[in-house]
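Just below is one structure, and these are the notes that go with it.
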Amino acid sequence: MKGLTIRFDQVTFSYGEAQFLFDATVSAGSITAVMGPSGSGKSTLLNLVAGFETPTSGRLLIGEQDMRDVEPAERPVSMIFQENNLFAHLTVEQNIGLGRSPSLKLTPEDKHAITEALEATGLAGKQKRLPRELSGGERQRVAIVRALVRQRPVLLLDEPFASLGPALRADMLDEIRALHARLNLTILFVTHHPEDASRLAQEVIFLEDGKTVAQGSAASFFSESGPLAFRRYLGQVA
Amino acid sequence: MKAARRTPADPRFLGGALALGLLTVLIGGAFVGLIAEGARNPGAAWAAFDSYLLRIIRFTLMQALLSTALSILPALLVARALSRHPTFPGRHLILQLFAVPLALPAIVAALGLLALLGRAGFLAPPLGALTGEPWPGIYGLSGILIAHVFFNLPMATRLFLEALETVPTDQHRLGVQLGFKAWNSFRFIEWPALRKALPSIAGLVFMLCVTSFTLVLTLGGGPRATTLEVAIYQALRFDFDPSRAVALTLVQLALTVIILALLSRLGADAAGEANLSVAPRRFDFPSPRESIANGAILLAAVLFVVSPLAATGIAGLSADLQRLASEGSVHSATLTSLWLAFSAAAFSILLSFALVRTRHALQTQRRDAPPSLFERLTDRGAGYVLVVPPIVIGAGWFILLRTVADLFALAPIMVITVNGVMAMPFALRLIRPAHDAAATRHDRLCASLGITGWNRLRLIDWPSLRRPLLAAFAFAMALSLGDLGVIALFGSDAVKTLPYLLLERMGSYRTADAAGLGLFLALLTLALMLLSDRLGRSRQ
């Protein structure tokens, strides 16, 4: 598996009063943090990549392919949401299995891959559990495992660790980094926490009022010479 | 524009469109029948607007008005008494008891009231001794009123209690702090909450009484105590006077439309049904005198509701149940009832599920934009099928088809469709919240994993919606099982349901048989209602 480039080419989108204009490039195999105030369009940006929203105009490319008319399930993308990543009535194994087959018809090969992935994430022996029998962190791990067995080159994270405590959140971020090192995915993640971004991200895309206003390396963003709008957001300048 | 590429192919829209189409055909067909008959013979239809018709209209409205007043005023007192005493042994039982009449087939209730207060009822001897002359029984207006109060007082009580329980605990605390006596509490805390709920509850009861068919048919007795619905039935089944039926039906329709229009302005829900909630803690304690008064009110209400139920049970048990159980006609009526009710429930669930799914898909797609006409039809529009009473739909089709087909052979299809549609508002209420919550949780996930169509139904929707779907199914089946509406028009020796058989036995004065059948029917529907309640309540 190899990460793919994501290109927003003057992508516009609107609903109700809100207008969005995204123009940015996420390089293949990078980890990019999407940051910005509430309502600035962070989740919308991810939803456009995942295919839950369709641009009004402009082009969205993943790899070299224009994503217009590509169904969410057909895109080279897995997304993990803040919550509700699992079907409450299905076991861990079934929830992950859906990543392999939407009809849940699993080959021995599929089952093997699932067991292996569970072991790698410290969830061994919990195949038959229901989501409510897991902790919040374990549930999100299961969602990550499913994203892995789907083998899509782009991983979108919409604040999946927001409801976890600080220590657990740091652990999960480390796991994501290890995953990235192993599989070289393109990872796009939304976060409110500057420390998460500086801990994990190589690049940052900053949004304001529905627009991509700044993009650059994480190092430059978090330095004294970072974009003014971003530093104002962080509260470093008035 | 946006997401437009997925619109035409989305099968969820197709389902809702199909359901609305079916509803349109069912209701539209009835109108075609009525209008065609009116146009064929306009003179006769006009001539039907005579003084007799006016008398029927007057009686319909008058009995509904009286029934409403007699149900609502005591219900206010009973609800207040229950709210003043939020914890006492048996309170929960009383609330459950008050849910029973709603689950009881109307014809069984009528039977119970006759067994109690009829000319030969259990209470006839003491009442006769009291009045000094032979007890005449409760046929006519008095019977209709008592029956309507029996159904609506408990329902209104539960609805009023619900309104009282929306009063924030802080207000009660405040009342205690300010030293409110019972009267002050009523005036400043309870009455404002009750007054807000009053118009919609009274409107609902009034509506139910205007469209009441079975109770008036069985207890009305004669042309002096006849409502529009019963007159429609008589015009079609006994007088073979379609012109009169057209006139009556149009009046009934106009009346229900007017009332429902008024009701919706009052914010009432035509499929009203109260939930048992947990009473909020209260900090004011009634004085001993008030407690005694409240106790007396509750006791009277409980006796009023229990005694017809008990009479149903006692009269039913004293019937020759063994002979009834071995009768071929009972067997075949039971089978007919069960398969018709089963099919009606299945039809109802299919319609409701299709509408719910389409509505949710449309709403999700449009976001903040105003809802389209299509969406509004799948939403409120479907609820307004209640505007058209079953008898009206039945009468329309009866008139439309009477020359071209064997009416009585059409009985099953009419019963299944009309009863299914009539149960729909209730089914919608059980299915929709669960469906919408589940869909909100699952839609994106399913889209991203490519779980669609049959896979989605099988793996995702059915497991998470099984309980509410089955609850709605049991409820719809119970409603249909006890219904004596369409079957009264279309029933015959070939197709007889239990309520129809019961009506026949009552008509031929085989009262003991009727009582036995009534008990059987009541147990069937109560079991289904109980099942529905269980399934609907306990969610994982």
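The values are calculated or read from the model by the stated rules, or taken from the named source; none is laboratory data. Because the structure is a prediction, the values reported are computed rather than measured. Using ideal geometry, Cβ is built from the backbone for each residue, glycine included, and neighbour counts are taken over all protein chains shown. With ligands, DNA and RNA removed, areas are computed over all heavy atoms of the protein, side chains included. Shrake-Rupley method; radii C 1.70, N 1.55, O 1.52, S 1.80 Å.
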*Given the conditions (1) more than 14 Å from chain A (Cβ to nearest Cβ); (2) in contact with a Cys (Cβ under 9 Å, 6 or more places away or on another chain); (3) of a type in the set (S, T, Y), and given that B:Y500 satisfies all but one, which numbered condition is not satisfied?*
(2)
*Hey, any hits in the range B:126-140 for a residue that's in a helix (DSSP H, G or I) and either under 27 Å from the mean Cα position of the chain (by Cα) or aromatic (F, W, Y) (or both)?*
no
*Would you call B:P390 free of Cβ contacts under 8 Å to residues at least 12 places away in the same chain, closer than 24 Å to B:G16 by Cα and open to solvent by 30 Å² or more (accessible area, probe 1.4 Å)?*
no
*Condition met for A:S220 (out of contact with any Phe, Trp or Tyr (no Cβ under 8 Å at 6 or more places or on another chain), open to solvent by 30 Å² or more (accessible area, probe 1.4 Å) and hydroxyl-bearing (S, T, Y))*: yes
*Residues in the range B:428-452 that are closer than 21 Å to A:R100 by Cβ, open to solvent by 50 Å² or more (accessible area, probe 1.4 Å) and assigned to a helix (DSSP H, G or I): how many?*
1
*Does A:A73 fit the bill of being more than 19 Å from the chain's Cα centre (by Cα) and at pLDDT below 90?*
no
*For A:L118: the one exception among (1) open to solvent by 20 Å² or more (accessible area, probe 1.4 Å); (2) more than 10 Å from chain B (Cβ to nearest Cβ)*: (1)
*Which of the helices (runs of 4 or more DSSP H) contained wholly in the range B:298-390 include at least 1 residues that are more than 27 Å from B:L528 (Cα to Cα) and within 18 Å of the chain's Cα centre (by Cα)?*
none
_Options B:S480, B:S492; residue that is in contact (Cβ under 8 Å) with a residue 60 or more places away in the chain, within 23 Å of B:I416 (Cβ to Cβ) and assigned to a helix (DSSP H, G or I)_ = B:S480
*Is it the case that the range B:405-427 has a residue that's open to solvent by less than 10 Å² (accessible area, probe 1.4 Å), assigned to a helix (DSSP H, G or I), over 25 Å from B:T218 (Cβ atoms) and more than 14 Å from chain A (Cβ to nearest Cβ)?*
yes
_For a quick check of your reading of the model, give me the residue pairs whose first member lies in the range A:117-134 and is in contact (Cβ under 8 Å) with a residue 40 or more places away in the chain and in a loop (DSSP other than H, G, I, E, B), whose second is open to solvent by less than 90 Å² (accessible area, probe 1.4 Å) and not β-branched (V, I, T), with beta-carbon atoms closer than 6 Å and at least 6 apart or on different chains._
A:T121/A:R141
*Index of the failed condition, B:D379 passing every other in (1) of a type in the set (D, E); (2) out of contact with any strand residue (DSSP E or B) (no Cβ under 7 Å at 6 or more places or on another chain); (3) exposed (fewer than 15 other Cβ atoms within 10 Å of the Cβ)*: (3)
*Search result, residues across the range B:458-480 that are over 28 Å from the mean Cα position of the chain (by Cα), open to solvent by 60 Å² or more (accessible area, probe 1.4 Å) and more than 10 Å from chain A (Cβ to nearest Cβ)*: none
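Quick grid of which residues meet (1) under 21 Å from the mean Cα position of the chain (by Cα); (2) within 28 Å of B:I416 (Cβ to Cβ):
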site: B:F13; (1), (2): no, yes
site: B:L22; (1), (2): no, yes
site: B:L26; (1), (2): yes, yes
site: B:L53; (1), (2): no, no
site: B:F59; (1), (2): no, no
site: B:I72; (1), (2): yes, no
site: B:S83; (1), (2): no, no
site: B:A103; (1), (2): yes, yes
site: B:G118; (1), (2): no, no
*Just wondering, is there one or more residues in the range A:145-154 that are in a strand (DSSP E or B), under 16 Å from the mean Cα position of the chain (by Cα) and within 14 Å of chain B (Cβ to nearest Cβ)?*
yes
*Quick check: anything in the range A:25-39 within 11 Å of chain B (Cβ to nearest Cβ) and closer than 25 Å to A:T121 by Cα?*
no
*Unmet requirement for B:F88, which otherwise passes all of (1) in contact (Cβ under 8 Å) with a residue 24 or more places away in the chain; (2) surrounded by fewer than 17 Cβ atoms within 10 Å (Cβ to Cβ); (3) farther than 30 Å from B:A235 by Cα*: (1)
*Counting only residues that are more than 10 Å from chain B (Cβ to nearest Cβ), free of Cβ contacts under 8 Å to residues at least 40 places away in the same chain and of a type in the set (A, V, I, L, M, F, W, C), how many does the range A:55-102 have?*
2
*State yes or no: is A:D171 within 26 Å of A:F81 (Cβ to Cβ) and surrounded by fewer than 20 Cβ atoms within 10 Å (Cβ to Cβ)?*
yes
_Near pairs, Cβ below 7 angstrom, 6+ apart or cross-chain, from the range B:30-49 (surrounded by fewer than 17 Cβ atoms within 10 Å (Cβ to Cβ)) to any residue that is at pLDDT 85 or above_ = B:V32/B:L400; B:A36/B:L400; B:N41/B:S243; B:A44/B:S243; B:F49/B:A247
*Name the residue, out of B:S343, B:S337, that is open to solvent by 10 Å² or more (accessible area, probe 1.4 Å) and of a type in the set (S, T, Y).*
B:S343
*Which strands (runs of 3 or more DSSP E) sit wholly inside the range A:5-101 and have at least 2 residues that are open to solvent by 40 Å² or more (accessible area, probe 1.4 Å)?*
A:6-15, A:18-26, A:57-62
*Do we have B:L377 as more than 14 Å from chain A (Cβ to nearest Cβ) and over 19 Å from B:G33 (Cβ atoms) here?*
yes
_Here is a check on your reading of the model: is B:R467 out of contact with any helix residue (DSSP H, G or I) (no Cβ under 6 Å at 6 or more places or on another chain), more than 19 Å from B:F31 (Cβ to Cβ) and among the basic types (K, R)?_
no
